[in-house]
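Remarks on the structure that follows.
The values are calculated or read from the model by the stated rules, or taken from the named source; none is laboratory data. Just so we're clear, the structure is a prediction, and the values are computed from it rather than from any experiment. Here Cβ is always computed from backbone atoms with ideal geometry, including for glycine, and neighbour counts include all displayed protein chains.
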Amino acid sequence: MKCVILAAGEGKRMHPLTYTRPKVMLPIAGKPIVEWNLLNAIHAGLKDFLFIISYKSEMVRDYFQDGTPWNVKISYINQGKPQGTAHAIGIAETFTDDFIVLCGDTIFGTNDIKNLMKKGPEIGVTATEDPSQYGVVDLKDDTLRAIHEKEPNPVSTIINAGIYHFDQSIFPAIKKTQKSPRGEYEITDSINMLTQTNPIQVVHLKEWRDVVYPWHLLDANEEMLKKTSPSCAGTIHDKATCIGPIVIGKDTTILPGSYIEGPVYIGSNCKIGPNCYIRPYTSIGDHCHIGNAVEIKNSIIMDHSNVPHQNYVGDSIIGQQCNLGAGTKLANLRLDKKDITVTLNGAKINTKRKKLGAIIGDNVQTGINATINTGTIIGNDVFIGPGAIVSGELRPQTKVW
């Protein structure tokens, strides 16, 4: 059996992080989202993969290559302009006649993938608190009747989870599929067509983590860090303190006075400390510097970024090649303790989080004593001057004084 991984989309709801990378390549617990799916699929017994790619596809190709580092075979098809999930799956027709499909930006468990490999066609379903954002499934026992896409008053909390087991019967249905109102060829329309002639069974998933908005990365990062085994390929000074499960990459140095409380992931070639405090559920990429009197909590810091002097970073995501000036603080809690609302792509969104700092794109620089308020969205290549106070949404290449 083979596996098709859908990895073509940009992920506009993940701005500003996806201005410079595909959504599937966003890191959690030291690995891109899609790598966690690849690993779980490998553990389920799959060895032959086809990645459907498009947006900034070279980043996916360069990272995964032909699959040799994972002892599997990886092939690629470039979808060109994304035209929907049915179109993406349809171009895989010559790849296989019995296959699993995984949405590359949703994390699925190994056992659930195994359960879908037994016989097809099948789809994975799961329960969610807010089904209005998904395709709600209409079931009779464990047989699919239909999928109803993103209805304002869903009749169920059981949704299509984005994992499928198909055979050749799906391709005639895909060829008959018309564009949806949003201008895409939807695999749910193809599946609804297929149910008229082929019974489709459902598998109720036990592990499922969808990642829609940037702050969802923090939830996924926490979940994956809880499952990560501790290891150390770097150097820990005898006057540093490390407690709980911690991963420390090659050639990383933990300097005196550093206090690290796991679970925490720290990549390779990093300089940590002296005298910093790294709290649980923090992931730090490669070639980073976390310096004196810095506190980081429940955050993701991407490669080649520096948080070097007297900074606080809580419940935040910082992209690549960023540098926070001395004394820059990222607030993460409203004084009235209410939910944090962000402005993303010009729209107001309630994150339903009590704590959320900033979402910062690549190559952002701040001056000394800059203050960044809760829920601030900062695009790539933004410059924030000394002492500036920022909030809301800053578009890419903005300068604030």
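Of everything in region 36-66 that's in contact (Cβ under 8 Å) with a residue 24 or more places away in the chain and either among the charged types (D, E, K, R) or not assigned by TED's automatic domain parsing to the domain that holds K118 (or both), which residue is nearest to I301 (Cα to Cα)?
From region 36-66, those in contact (Cβ under 8 Å) with a residue 24 or more places away in the chain are 36-57, 59-60, 63-64; that's our starting set.
Now drop any that are not either among the charged types (D, E, K, R) or not assigned by TED's automatic domain parsing to the domain that holds K118 (or both), which leaves 47-48, 56.
Working: K47: 32, D48: 32, K56: 21 Å.
The selected residue is K56.
Of all residues in region 189-205, those that are without any contact (Cβ under 8 Å) to a residue 40 or more places away in the chain have Cβ atoms under 6 Å from Cβ atoms of residues that are among the small types (G, A, S) and surrounded by 16 or more Cβ atoms within 10 Å (Cβ to Cβ), 6 or more apart or on another chain, in M193/A173.
Among the residues making up region 299-354, a single one is in contact with a His (Cβ under 6 Å, 6 or more places away or on another chain) and either surrounded by 22 or more Cβ atoms within 10 Å (Cβ to Cβ) or at pLDDT below 95 (or both): Q320. Looking across I187, I191, one residue alone is within 16 Å of T106 (Cβ to Cβ) and either modelled with pLDDT under 90 or surrounded by 14 or more Cβ atoms within 10 Å (Cβ to Cβ) (or both). It is I187.
Taking the criterion of being of a type outside the set (V, I, T) and crowded, with 21+ Cβ neighbours inside 10 Å, the residues of region 102-111 that qualify are L102, C103, G104, D105, F108.
For region 89-138, list the strands (runs of 3 or more DSSP E) that sit wholly inside it and hold at least 1 residues that are within 21 Å of T195 (Cβ to Cβ), of a type in the set (G, A, S) and touching an Asp or Glu at 6+ places or on another chain (Cβ under 7 Å); which are they? Talk me through it step by step, then tell me what you get.
Working: elements: 98-103, 106-108, 122-127.
Per the criteria, 122-127.
Only one entry in K175, K239, K250, K226 is in the same structural domain as G162 (by TED's automatic domain parsing), of a type in the set (K, R) and modelled with pLDDT of 95 or more, namely K175.
Does F166 count as farther than 30 Å from M224 by Cα and in contact with a strand residue (DSSP E or B) (Cβ under 9 Å, 6 or more places away or on another chain)? Judged against the criteria, F166 is not a match.
Taking region 263-280 as the search range and keeping residues that are over 17 Å from S305 (Cβ atoms) and surrounded by fewer than 20 Cβ atoms within 10 Å (Cβ to Cβ), which one is nearest to the chain's Cα centre (by Cα)?
First, pick out the residues of region 263-280 that are over 17 Å from S305 (Cβ atoms): 263, 274-275, 277, 279-280.
Keeping just the survivors that are surrounded by fewer than 20 Cβ atoms within 10 Å (Cβ to Cβ) gives 274-275, 277, 279-280.
Values: P274: 31, N275: 31, Y277: 25, R279: 21, P280: 19 Å.
This residue is P280.
The residue that is nearest to I359 (Cα to Cα), counting only those in region 374-388 that are in a loop (DSSP other than H, G, I, E, B) and either without any contact (Cβ under 8 Å) to a residue 60 or more places away in the chain or not assigned by TED's automatic domain parsing to the domain that holds G314 (or both), is G375. Residues that are part of a loop (DSSP other than H, G, I, E, B) and over 22 Å from A347 (Cβ atoms) were ranked within region 210-229; the one that is nearest to the chain's Cα centre (by Cα) is T228.
Rundown of residues vs (1) touching a strand residue (DSSP E or B) at 6+ places or on another chain (Cβ under 7 Å); (2) modelled with pLDDT of 95 or more, yes/no style:
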| residue | (1), (2) |
| --- | --- |
| R21 | no, yes |
| M25 | yes, yes |
| W36 | yes, yes |
| A41 | yes, yes |
| G67 | yes, yes |
| A92 | yes, no |
| D97 | yes, no |
| G109 | no, yes |
| I123 | yes, yes |
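Give the residues of region 60-101 that are surrounded by fewer than 17 Cβ atoms within 10 Å (Cβ to Cβ) and within 17 Å of L26 (Cα to Cα), sorted by residue number. Passing the criteria: R61, D62, Y63.
Looking at region 194-202, can you tell me whether even one residue there is in a strand (DSSP E or B) and not polar (S, T, N, Q)? Lay out the reasoning, then the answer.
Of all residues in region 194-202, those in a strand (DSSP E or B) come to 201-202.
Restricting the remaining residues to those that are not polar (S, T, N, Q) gives 202.
Scanning region 194-202 turns up at least one residue that is in a strand (DSSP E or B) and not polar (S, T, N, Q).
Taking the conditions (1) closer than 19 Å to E122 by Cα; (2) more than 26 Å from the chain's Cα centre (by Cα); (3) among the β-branched types (V, I, T) in turn, V155 satisfies each one other than (1). Looking at this structure, is Y164 assigned by TED's automatic domain parsing to the domain that holds V34, more than 30 Å from Y312 (Cβ to Cβ), of a type outside the set (A, V, I, L, M, F, W, C) and not in a loop (DSSP other than H, G, I, E, B)? Considered against the rule, which asks whether it is assigned by TED's automatic domain parsing to the domain that holds V34, more than 30 Å from Y312 (Cβ to Cβ), of a type outside the set (A, V, I, L, M, F, W, C) and not in a loop (DSSP other than H, G, I, E, B), Y164 comes out as yes. Pairs are defined by a Cβ separation below 6 Å, a sequence spacing of at least 6 or placement on different chains, a first member in region 324-349 that is farther than 25 Å from G387 by Cβ, and a second member that is β-branched (V, I, T); the pairs so defined are L344/I377; K348/T341; I349/V342.
Scoring A173 on the criteria (1) buried (at least 22 other Cβ atoms within 10 Å of the Cβ); (2) over 30 Å from G30 (Cα atoms); (3) small (G, A, S); (4) within 27 Å of the chain's Cα centre (by Cα) leaves a single failure, condition (4).
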